[in-house]
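Trainee: Have a look at this one.
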Amino acid sequence: MAGGRPTEYNQELIGKAQDYLTNYADAGDLVPTIAGLACVLGVHRDTLYDWAAQPEKQEFSYILKMVMQYQERKLVNGGLSDAFNASITKMMLTKHGYSDKQEVDHSSSDGSMRPVVNVSFDDPDRS
């Protein structure tokens, strides 16, 4: 037998989820998160992912995607303005496809062995 009471998926719940998108700070969150949304709705995050995966609940799937999009935007802006801790921001942005890479090439075609350092910051929106 499954633990806990079943949560009823209804329009009131959708309304609360939509409200979280713009009022996440009222819930005590600096950035919108899946965990924050789950707490506001009183469900486990797995329930949110289950709902989002159901074709008849596309509206909820959209809300989860918007939470992540708002989060990405807030992290980028907070990181650029030094409003957020750089290490935490960098770590959280990896969930959005960002990475910080360094490639070092210790060989050269002429044999001089001068190191060549290429530093890049991958932005998933740039092709």
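The values are calculated or read from the model by the stated rules, or taken from the named source; none is laboratory data. Just so it is clear, the structure is predicted and the values come from calculations on it, not from any experiment. Cβ placement follows ideal geometry from the backbone for every residue including glycine, while neighbour counts extend to all protein chains displayed.
Trainee: Counting just the residues of the range 106-127 that are modelled with pLDDT of 65 or more and part of a strand (DSSP E or B), which one comes out nearest to residue 18 (Cα to Cα)?
Mentor: For the range 106-127, the residue satisfying everything is 122.
Trainee: Answer yes if at least one residue in the range 95-102 is surrounded by 13 or more Cβ atoms within 10 Å (Cβ to Cβ) and modelled with pLDDT of 95 or more, and no otherwise.
Mentor: No, every residue in the range 95-102 fails to be surrounded by 13 or more Cβ atoms within 10 Å (Cβ to Cβ) and modelled with pLDDT of 95 or more.
Trainee: Within the range 31-67, track down each residue that is within 18 Å of residue 11 (Cα to Cα) and either of a type in the set (Phe, Trp, Tyr) or touching a residue at least 60 places away in the same chain (Cβ under 8 Å) (or both).
Mentor: Selection gives 49, 51, 60, 62.
Trainee: Are there any pairs with C-beta distances below 7 angstrom linking a residue in the range 1-16 that is among the charged types (D, E, K, R) to a residue that is at pLDDT 65 or above and surrounded by 10 or more Cβ atoms within 10 Å (Cβ to Cβ), with the two at least 6 apart or on different chains, and if so which?
Mentor: 16/40; 16/41
The rows are residues; the columns are (1) part of a helix (DSSP H, G or I); (2) of a type outside the set (A, V, I, L, M); (3) at pLDDT 95 or above; (4) surrounded by fewer than 16 Cβ atoms within 10 Å (Cβ to Cβ).
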| position | (1), (2), (3), (4) |
| --- | --- |
| 5 | no, yes, no, yes |
| 14 | yes, no, yes, no |
| 17 | yes, no, yes, no |
| 25 | yes, no, yes, yes |
| 31 | no, no, yes, no |
| 49 | yes, yes, yes, yes |
| 61 | yes, yes, yes, no |
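Trainee: Take the range 68-96 and flag every residue that is touching a residue at least 12 places away in the same chain (Cβ under 8 Å), of a type in the set (A, V, I, L, M, F, W, C) and in a helix (DSSP H, G or I).
Mentor: 68, 75, 76, 92, 93
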